[in-house]
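Asker: If you scroll down you'll find the structure; I have some questions about it.
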Amino acid sequence: MRHYRIASIPADGIGPEVIAAGLEVLEALAARDGGFVLDVDHYDWSSAYYRKHGVFMPDDGLAILKQADAIYFGAVGAQDVPDHISLWGLRLPICQGFDQYANIRPTRVLPGVVSPLRDVGPGDLDWLIVRENSEGEYSGHGGRAHRGLPEEVATEVAIFTRVGVERIMRYAFASARKRPRQHLTVVTKSNAQKFGLVLWDEIALEVAADFPDVTWDKELVDAMTMRMVRKPQSVDTVVATNLHADILSDLAAALAGSLGVAPTGNVDPSRRYPSMFEPIHGSAFDITGKGIANPVASFWTASLMLEHLGEARAAAALMVAVEQVCAAGILTPDVGGNATTKEVTRAMVEAIKGGNLG
Ligand code: IPM
Ligand code: MG
């Protein structure tokens, strides 16, 4: 029997609702598979924890998490805590502390879900966005001087290193190679950002030489938004900086029907540290506690986690169940249905227990 230790951090907003749903589905899947067991440790690190303790996680938080094989994360952010405090209090220290430099964001139009793009259905939009996750515009370098004075100044420094760019480029080319279309689009803004992003272009050219089986092209980020909308079929795998890919992935999620289905993995490809898997949607205060949060993003996220752990068969079965449940119209309101989180979860558990998942 293969055992995996999962650290669960549901945190804020709808995080606890969708992570509970995801854990229920994972348990059903492990029971069906029979080959592995998930030992889940629960952590209450969150904005509530911050209000009580003045920090988002204990001093030895990273040392505790390091024991896990993977981290299953909900969402962080509360209305009474400034966003940059919560972000730099919990999620970024984990991503950066564990060098999870590759952020992967698959996007597909699921059956039963309607894209806002006319004539775009399942199969027309099947993307993998690879987001640089350790440096760039999220380096946390900069400062403020002359606070409050008319002369006040602030700098926000984006850092691009050869090591950082080369490793994400290799990861992206290798990811593209595993996909049916074997195509990579390298996104930059190297016309305007003439240092760091010209370095991206140069490194892309160098790395491409090692992947002759992958076709690739380049796109400026502004033009990329148009291409995603107008020619979604021309896009397959995408690699972009931390901030550019952050923006493109929201667009991708919207074009696929809802942010409520979008998953992500913060991956340390070297496997020195545990990787962290989370739905992209965030806290979603407007629907917190209403029982209608879409759990599909956290299911898909769980599938990414299983795949990372080496349980490819269970990961694939989970996605088949997701597609069956969506195709059957058991959908939450964000994707046009009227099912609750619990109803979608129950349908998933039934599909996993009884269904033919290929
Ligand atoms: C994401 C989110 C985060 C980010 C926010 C919550 C800081 O938008 O995962 O895409 O920008 O990284
Ligand atoms: Mg984002």
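Asker: With respect to the numbered conditions (1) surrounded by fewer than 24 Cβ atoms within 10 Å (Cβ to Cβ); (2) outside any helix (DSSP H, G or I), which one is the sole condition not fulfilled by residue 286?
Answerer: Status for residue 286: all satisfied but (2).
Asker: List the residue pairs whose Cβ atoms are under 7 Å apart, where the first residue sits in the range 204-218 and is in contact (Cβ under 8 Å) with a residue 40 or more places away in the chain, the second is aromatic (Phe, Trp, Tyr) and part of a helix (DSSP H, G or I), and the two are 6 or more positions apart or on different chains.
Answerer: Going by the 7 Å Cβ cut-off, the qualifying pairs are 207/173; 214/173.
Asker: Give the residues of the range 111-126 that are out of contact with any Gly (no Cβ under 7 Å at 6 or more places or on another chain) and assigned to a loop (DSSP other than H, G, I, E, B), sorted by residue number.
Answerer: Of everything in the range 111-126, those that are out of contact with any Gly (no Cβ under 7 Å at 6 or more places or on another chain) and assigned to a loop (DSSP other than H, G, I, E, B) turn out to be 111, 116, 117, 118, 119, 120, 121, 122, 123, 124, 125.
Asker: Sort out for me the strands (runs of 3 or more DSSP E) sitting completely within the range 161-261 that have 2 or more residues that are within 16 Å of ligand 1 (Cβ to nearest atom) and surrounded by 15 or more Cβ atoms within 10 Å (Cβ to Cβ).
Answerer: Filter on the range 161-261 gives 237-240.
Asker: If you go through the range 293-335, how many residues are under 21 Å from residue 15 (Cα atoms) and assigned to a loop (DSSP other than H, G, I, E, B)?
Answerer: 6
Asker: Identify all residues within the range 127-160 that are over 14 Å from residue 245 (Cα atoms), assigned to a loop (DSSP other than H, G, I, E, B) and not small (Gly, Ala, Ser); write none if there are none.
Answerer: Hits for the range 127-160 are 146, 147, 149, 150, 151, 152, 160.
Asker: Same structure, new question: Can you pull out the residues in the range 266-325 that are under 24 Å from residue 343 (Cβ atoms), away from ligand 2 (no atom under 16 Å from the Cβ) and β-branched (Val, Ile, Thr)?
Answerer: Listed by number, the residues that qualify are 287, 288, 292, 296, 320, 322, 325.
Asker: While we're looking at this one, here's another question. When you go through (1) at pLDDT below 95; (2) surrounded by fewer than 23 Cβ atoms within 10 Å (Cβ to Cβ); (3) in contact with a strand residue (DSSP E or B) (Cβ under 8 Å, 6 or more places away or on another chain) one by one for residue 281, which number turns out not to apply?
Answerer: So residue 281 meets the others, but not (2).
Asker: Could you tell me which residue of the range 216-253 is nearest to ligand 2 (Cβ to nearest atom), considering only residues that are among the β-branched types (Val, Ile, Thr) and more than 10 Å from residue 129 (Cβ to Cβ)?
Answerer: Residue satisfying both the conditions and the ranking: 247.
Asker: A further question on this structure: Looking at (1) more than 16 Å from ligand 2 (Cβ to nearest atom); (2) touching a Pro at 6+ places or on another chain (Cβ under 7 Å), which is the only condition residue 202 fails?
Answerer: Result: residue 202 fails condition (2) only.
Asker: Can you pull out the residues in the range 66-114 that are hydroxyl-bearing (Ser, Thr, Tyr) and closer than 11 Å to residue 277 by Cα?
Answerer: 72
Asker: Could you grab me the full set of residues in the range 268-304 that are closer than 17 Å to residue 29 by Cβ, away from ligand 1 (no atom under 14 Å from the Cβ) and among the β-branched types (Val, Ile, Thr)?
Answerer: The one that is closer than 17 Å to residue 29 by Cβ, away from ligand 1 (no atom under 14 Å from the Cβ) and among the β-branched types (Val, Ile, Thr): 296.
The values are calculated or read from the model by the stated rules, or taken from the named source; none is laboratory data. The model shown is predicted, which means the values in this text are computed figures rather than measured ones. Cβ sites come from the backbone with ideal geometry, for glycine too, and all protein chains shown count toward neighbours.
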